[in-house]
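Here is the structure we will look at.
The values are calculated or read from the model by the stated rules, or taken from the named source; none is laboratory data. Note that the coordinates shown come from a computational prediction; the quantities given were computed from them, not determined experimentally. Quick reminder, even Gly has a Cβ in these numbers, built from the backbone with ideal geometry, and neighbours come from all protein chains shown. The area values use the complete protein model at the heavy-atom level, side chains included, leaving out ligands, DNA and RNA. Shrake-Rupley method; radii C 1.70, N 1.55, O 1.52, S 1.80 Å.
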Amino acid sequence: MTGFPVDRPRRLRRTEALRRLVRETELKTGDLIYPLFVIHGHNVKNPVPSLPGIYQLSIDNLLPEVEEVVGLGIPAVLLFGLPAEKDELGSGAWSPDGVVQQAIKAIKKEFPELLVITDVCLCEYTSHGHCGVVSDGRVLNDPSLEFIARTALSHAEAGADIVAPSDMMDGRVRAIREKLDAHGFTETPILAYAAKYASAFYGPFREAAGSAPQFGDRRSYQMDPANAREALREIELDIEEGADMIMVKPALAYLDVIRLARENFNCPLVAYNVSGEYAMVKAAAANGWLDERQVVLEILTAIKRAGAGNIITYFAKDVARWLK
Ligand code: PBG
């Protein structure tokens, strides 16, 4: 016979020592990936209004930031670039001396042990703000692949440890793998933004990265938030094409998708705690409506509990400090 009064789950909650002993999920600094926005120019440190604490940094200001990240024990950064000029094709994305390529070299020179992951996408570099080649108001799939693959190759050549395509074109993981392999980068892993939804939670990021689409939206390439089975299909295809790691994005409103991804696939799983998720907490905390530290730890622990192994988060530095 079980049940009360023999069964008393509260016995194991009585003290912090007991709770710690039976805790199922542990958030660690080693799980975290910190996004960084590198901008062309010198001595630039532009605050992003909707992301308090996050800046667009020129390389000279990026390095002290990276030093702090390394000092806190965060193992990886995710780089986004803001180029001096944009054009129709987004050619700044694969320029050998583009802003991200220079940043990778500068970081790897000073901090060789830090993992540098690069976001591979065209939207920060195209005048229209879309993630691929545009013709007659449509985002074309196949013609975009060569440019996306070139971008990934240029990141690998500059020294990126992992390339992370976020454009959601079909076939881009294969195109990148083939391009990398053909140039001898057989050891560079691909972290695929595999299940990436067309989400309003990216709003603050587009301000940070200057990448808002100039017409229309991204719903013809990013996923419909209503779909979960389709996420499994997307992930399956990316793994077949050669993805080494997969991502679900956003995280908080998609914990079910994270869980499904964890249960169905065996490769490392990353969740992106996106800009809007950060902005919501920051705004509420600034009003005194939420305890920021408690809420952030609860959210990130929930993302891990759902099944993510790593979390990309703008809170990474704060969390590293809190967990010290
Ligand atoms: C680029 C990209 C976006 C994000 C990461 N890579 C924006 C988008 O798809 O519009 C969003 C990240 C965030 O909101 O924190 N394609």
Those residues that are surrounded by 14 or more Cβ atoms within 10 Å (Cβ to Cβ), away from the ligand (no atom under 12 Å from the Cβ) and either assigned to a loop (DSSP other than H, G, I, E, B) or polar (S, T, N, Q) (or both), I need them from the range 186-215; list them, please.
188, 189
Answer from 241, 298 - the residue that is open to solvent by 10 Å² or more (accessible area, probe 1.4 Å) and farther than 30 Å from residue 89 by Cα
298
Residue check for residue 235: free of Cβ contacts under 8 Å to residues at least 60 places away in the same chain, under 30 Å from residue 178 (Cβ atoms), not in a loop (DSSP other than H, G, I, E, B) and not charged (D, E, K, R)
yes
Residues within the range 45-94 that are open to solvent by 20 Å² or more (accessible area, probe 1.4 Å) and within 23 Å of residue 114 (Cα to Cα), tallied
18
Against the condition among the aromatic types (Phe, Trp, Tyr), within 16 Å of the ligand (Cβ to nearest atom) and open to solvent by less than 10 Å² (accessible area, probe 1.4 Å), how does residue 147 come out, does it pass?
no
Every residue in the range 216-238 that is away from the ligand (no atom under 16 Å from the Cβ) and open to solvent by 10 Å² or more (accessible area, probe 1.4 Å), please.
226, 227, 228, 229, 230, 232, 233, 236, 237
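Does any residue of the range 98-106 turn out to be outside any helix (DSSP H, G or I) and at pLDDT 95 or above?
From the range 98-106, those outside any helix (DSSP H, G or I) are 98; that's our starting set.
From what's left, at pLDDT 95 or above: 98.
Yes, some residue in the range 98-106 is outside any helix (DSSP H, G or I) and at pLDDT 95 or above.
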Pair list, Cβ under 6 Å, 6 or more apart: the range 156-171 residue more than 9 Å from the ligand (Cβ to nearest atom), other residue open to solvent by 10 Å² or more (accessible area, probe 1.4 Å) and among the polar types (S, T, N, Q):
156/188; 169/141; 170/141
Any pair with Cβ under 7 angstrom, 6 or more apart, that starts in the range 264-287 at a residue that is in a helix (DSSP H, G or I) and ends at one that is open to solvent by 20 Å² or more (accessible area, probe 1.4 Å) and more than 16 Å from the ligand (Cβ to nearest atom):
264/232; 281/290; 281/292; 281/295; 284/290; 285/292
Give just the number: which of (1) out of contact with any strand residue (DSSP E or B) (no Cβ under 7 Å at 6 or more places or on another chain); (2) in contact (Cβ under 8 Å) with a residue 60 or more places away in the chain; (3) more than 15 Å from the ligand (Cβ to nearest atom); (4) not charged (D, E, K, R) does residue 245 not satisfy?
(1)
Taking the range 157-174 and keeping only residues that are among the aliphatic types (A, V, I, L, M) and crowded, with 23+ Cβ neighbours inside 10 Å, one is left with 160, 163, 164, 168, 169, 173
Identify the residue in the range 25-64 that is closer than 20 Å to residue 274 by Cα and among the charged types (D, E, K, R) and, among all such residues, is farthest from the ligand (Cβ to nearest atom).
28
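Within the range 64-79, identify whether any single residue is of a type outside the set (A, V, I, L, M, F, W, C), within 22 Å of the chain's Cα centre (by Cα) and part of a strand (DSSP E or B), and answer yes or no. Talk me through it step by step, then tell me what you get.
Of the residues in the range 64-79, the ones of a type outside the set (A, V, I, L, M, F, W, C) are 64-65, 67-68, 71, 73, 75.
From the residues that got through so far, the ones that are within 22 Å of the chain's Cα centre (by Cα) too are 64-65, 67-68, 71, 73, 75.
From what's left, part of a strand (DSSP E or B): none.
No, there is no match, as no residue in the range 64-79 is of a type outside the set (A, V, I, L, M, F, W, C), within 22 Å of the chain's Cα centre (by Cα) and part of a strand (DSSP E or B).
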Selection from the range 1-36 of residues that are more than 19 Å from residue 271 (Cα to Cα) and either among the acidic types (Asp, Glu) or open to solvent by less than 60 Å² (accessible area, probe 1.4 Å) (or both):
3, 7, 15, 16, 18
May I ask you to verify whether residue 180 is part of a helix (DSSP H, G or I), more than 10 Å from the ligand (Cβ to nearest atom) and open to solvent by 10 Å² or more (accessible area, probe 1.4 Å)?
no
